[in-house]
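Novice: Before anything else, here's the structure in question.
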Amino acid sequence: MEIEGKDVPVTACTTPVAEGMVVNTKGAKALRLAHTALELLLASHPVDCAHCLKNGSCELQKIAKHLGVKLKTKRFRKILPELPIDSSSPLFIYDPNKCVLCGRCVWVCQEKLGKGTIGFAYRGFRRTVTTFGDEPVGKSRCQDCSECVAICPVGALAFKAH
């Protein structure tokens, strides 16, 4: 977002609100950064919406529509992770290839529920959400509460079709 009186855009999630602050979320600089961030995210995301369980309720689709960005952007070279899909849970599937590393599932599991069954592992391009010791979700301490599935903004965590 852009703040009146500042030369460069700032992140909305880390900037404290101040008395008299004038914020513009639709300024040219802020929108350019948002477009680029989304395109970078899409460069490592398998865009196969027609076969995704979150199609129609995916936040990537909503953001792309809001910003006017095509989901199949060609600006950046695609680098897809090609990680194995974990279907060991009786309730849900975890596809790490679709994960955008937003941390919502980790937050709900660790902070809200206090379970700590899942967390982040590794750094850089190898970063992933996983269980302790990279165990399959079905063999971990996960009791299939499915709070992580409900909070996932993309199809990385999705309920199994019955």
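Novice: Taking a threshold of 23 Å on the Cα-Cα distance, which of the pairs LYS70/LYS160; LYS6/LYS78; LYS29/LYS78; LYS70/LYS112; LYS78/LYS160; LYS29/LYS74 fall above it?
Specialist: Beyond 23 Å between Cα atoms: LYS70/LYS160; LYS6/LYS78; LYS29/LYS78; LYS70/LYS112; LYS78/LYS160.
Novice: Further question: Would you kindly give the portion of the calculated P(r) for the range 1-79 that falls above 22 Å, as a percent of all Cα pairs?
Specialist: 37 percent
Novice: Using Cα-Cα distances under 8 Å and only pairs 6 or more residues apart, what relative contact order does the range 81-162 have, in percent?
Specialist: 39 percent
Novice: If you don't mind, there's one more thing I want to ask. Please work out the C-alpha center-to-center distance from the range 1-60 to the range 111-162 and express it in whole Å.
Specialist: 25 Å
Novice: Please give the charge dipole size of the chain, origin at the Cα centre, charges +1 on K and R Cβ atoms and -1 on D and E Cβ atoms. Round to the nearest 20 debye.
Specialist: Dipole size: approximately 540 debye.
Novice: Before anything else, pin down the relative contact order of the chain: Cα pairs under 8 Å, at least 6 apart, normalised by residue count, whole percent.
Specialist: Relative contact order for the chain comes out at 21 percent.
Novice: Now for a separate question. Taking the Cβ of MET21 as the centre, find all other residues whose Cβ is under 14 Å away and add up their charges (Lys, Arg: +1; Asp, Glu: -1).
Specialist: With Lys, Arg at +1 and Asp, Glu at -1, the net is -2.
Novice: Now, a different point. How large is Rg over Rh for the chain, taking Rg from the Cα atoms and Rh as the Kirkwood inverse mean of 1/r across Cα pairs?
Specialist: Rounded to two decimals, Rg/Rh equals 1.01.
Novice: Tilt of helix 28-43 relative to the longest C-alpha principal axis of the chain, in degrees (0 to 90, nearest 10)?
Specialist: 20 degrees
Novice: Is the range 81-162 rounded, prolate or oblate when judged by the Cα gyration tensor, a ≥ b ≥ c being the square roots of its eigenvalues, rounded requiring a/c under 1.5 and prolate requiring a/b larger than b/c?
Specialist: Rounded, because the longest to shortest axis ratio a/c is under 1.5.
Novice: For a quick protection proxy, order the peptides 103-110, 2-9 by their average other-Cβ count within 10 Å, most packed first.
Specialist: Most protected by this proxy first, the peptides run 103-110, 2-9.
Novice: Which far-off residues, 5 or more places away or on another chain, put their amide H under 5 Å from the one on ALA158, with H placed in the peptide plane?
Specialist: Distant-sequence amide H within range of ALA158: ILE93, ASP95.
Novice: Right, something else. Provide the net charge surrounding PHE132, with neighbours chosen by a C-beta distance below 15 Å and charges set as Lys +1, Arg +1, Asp -1, Glu -1.
Specialist: 0
Novice: Please sort 151-157, 18-24 by packing, taking for each peptide the average over its residues of neighbouring beta carbons within 10 angstrom, highest first.
Specialist: Output ranking for 151-157, 18-24: 151-157, 18-24.
Novice: Could you pull out every Cys in the chain that lacks a partner Cys with its beta carbon under 4.7 Å away?
Specialist: Flagged as lacking a Cys partner: CYS13, CYS49, CYS52, CYS58, CYS99, CYS102, CYS109, CYS142, CYS145, CYS152.
Novice: Length gain on complete extension for the stretch ALA18 to SER87, per 0.36 nm per residue less the alpha carbon to alpha carbon distance?
Specialist: Length gained, ALA18 through SER87: 20.2 nm.
Every number here is computed from the coordinates shown, using simple stated rules; none is lab data. Remember, it's a predicted structure, so these values are computed and weren't measured experimentally. No Cβ is skipped: glycine too gets one built from the backbone with ideal geometry, and neighbour counts run over all protein chains shown.
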